[in-house]
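Have a look at the structure below before the remarks.
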Amino acid sequence: MSASSSESESLVTPGEVSESSQDPASAEGSVSSQRQASAEAQVEAPRPQKPRRTRKSRVSPNLHPEGSLRVRYRIRFSKTDLLRWISHRDLASLWERIGRRVGLPFSMTEGFHPKPRLMFPSALPLGVESLDEVVDLELDREWDESELLGKLREDQQPGLAIHHATRVDLTEGKARLAGRQYRVTLPDDFNGAERSQVELAIEQLKGSGTITIDRKGKDVVTHVPTQIPSLELQADCLIARLVNGEAASLKIHDILDLLSISDWPDRGTTLIRTHTFLRGEEMPSSDSTKHS
């Protein structure tokens with residue numbers, strides 16, 4: 001009886017034999033395959049797309065309606081006395097304030113930060129006076145030229161004198177600078193010896209043909225007879241007429257440097273732009289302007 005009981009205890013079922021005899025590596029491979037299949041099913045399943053948020057485009061509040069007018073006027077003015085110490089940006093802001101004070105119906109630029117249409121063909125250097133500056137302004141309606149001139153003169157801004165107001169066609173494009181003429185007063189301590197030195201420097205400059213000037217780290221060659229058609233030391237001032245070139249244009253401070261008189265402003269001289277010449281305008285001869 002003990003033998004039979006030991007035999008019965010040693011007997012196992014077929015299922016138990018198969019489970020006990022199964023390879024562990026095979027079992028792990030089966031589990032891995034199931035996980036991979038599940039992952040592939042998740043990847044292939046399309047994800048629900050979120051609805052796109054749409055926002056209405058903002059429309060500029062200052063778009064000119066179809067058929068609205070843009071009328072351009074060219075203003076000639078002087079900038080003297082203490083006003084010569086304001087920057088070009090401040091000058092543009094000053095013109096904007098003047099226009100608002102006298103009630104000019106400015107034509108505004110488009111966009112979210114509209115500004116009056118004001119265009120200057122040339123920026124006057126700080127500290128330089130001018131008897132002939134130019135600004136183009138645009139209105140959204142037609143004004144009589146004499147009425148516009150009278151309105152601008154009503155403001156009576158110290159240091160700012162309004163000379164002319166002329167309507168110009170928009171098809172002419174923006175005003176482009178062609179040349180300038182300057183008058184430089186002599187220093188208080190100017191004497192005969194210095195006069196001789198300056199006259200000699202002028203003769204040498206006129207005979208040089210071409211000169212090289214530095215513009216932001218680059219050497220630019222200018223043609224003296226073309227770009228400095230008039231340079232003369234008179235009894236009480238220096239007259240310099242400068243014509244714009246294709247590559248670079250000379251400035252009045254360049255002339256002072258070339259003549260070795262760059263210290264004149266520190267010695268009390270005044271630099272005055274007497275004429276502004278625009279492209280398309282007839283430029284007067286040197287003789288007609290050298291005594292201005």
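Of all residues being at negative phi and more than 18 Å from the chain's Cα centre (by Cα) in the range 113-133, which is most open to solvent (accessible area, probe 1.4 Å)? Just the residue, please.
L131
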- Determine whether D189 is under 16 Å from W264 (Cβ atoms), surrounded by fewer than 15 Cβ atoms within 10 Å (Cβ to Cβ) and acidic (D, E). yes
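Taking the options L149, L137, name whichever one is over 24 Å from T270 (Cβ atoms) and part of a strand (DSSP E or B).
On the way: L149 fails: part of a strand (DSSP E or B).
The unique qualifying residue is L137.
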When G173 is run through (1) at pLDDT below 95; (2) buried (at least 16 other Cβ atoms within 10 Å of the Cβ), the failure sits at (2)
Conditions (1) in contact with a Ser or Thr (Cβ under 9 Å, 6 or more places away or on another chain); (2) open to solvent by 50 Å² or more (accessible area, probe 1.4 Å); (3) part of a loop (DSSP other than H, G, I, E, B); (4) not charged (D, E, K, R) -> S260 fails only (1)
Condition set touching a Ser or Thr at 6+ places or on another chain (Cβ under 7 Å) and closer than 16 Å to E96 by Cα, scope the range 134-158, selection most open to solvent (accessible area, probe 1.4 Å): answer is D140
Exactly one of S249, S285, S260 is farther than 21 Å from K79 by Cα, at pLDDT 95 or above and polar (S, T, N, Q), and that residue is S260
In the set L238, L200, the lone residue that is among the hydrophobic types (A, V, I, L, M, F, W, C) and open to solvent by 80 Å² or more (accessible area, probe 1.4 Å) is L200
| message | Tell me yes or no: at least one residue of the range 65-84 is of a type outside the set (S, T, Y), assigned to a loop (DSSP other than H, G, I, E, B) and surrounded by 15 or more Cβ atoms within 10 Å (Cβ to Cβ). | response | no
Per the list (1) modelled with pLDDT of 95 or more; (2) open to solvent by 70 Å² or more (accessible area, probe 1.4 Å); (3) of a type in the set (A, V, I, L, M), residue check on V221 breaks on (1)
When the range 114-134 is checked residue by residue, the ones that are in a loop (DSSP other than H, G, I, E, B) and in contact with a strand residue (DSSP E or B) (Cβ under 6 Å, 6 or more places away or on another chain) are P114, R117, F120, P121, S122, L124, V128
Checked the range 134-172 for anything on the phi > 0 side of the Ramachandran plot and in contact with a helix residue (DSSP H, G or I) (Cβ under 6 Å, 6 or more places away or on another chain); matches are G159
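The values are calculated or read from the model by the stated rules, or taken from the named source; none is laboratory data. Note that the coordinates shown come from a computational prediction; the quantities given were computed from them, not determined experimentally. Here Cβ is always computed from backbone atoms with ideal geometry, including for glycine, and neighbour counts include all displayed protein chains. For the accessible areas, the whole protein counts, side chains as well, though only heavy atoms, and no ligand, DNA or RNA atoms are used. Shrake-Rupley method; radii C 1.70, N 1.55, O 1.52, S 1.80 Å.
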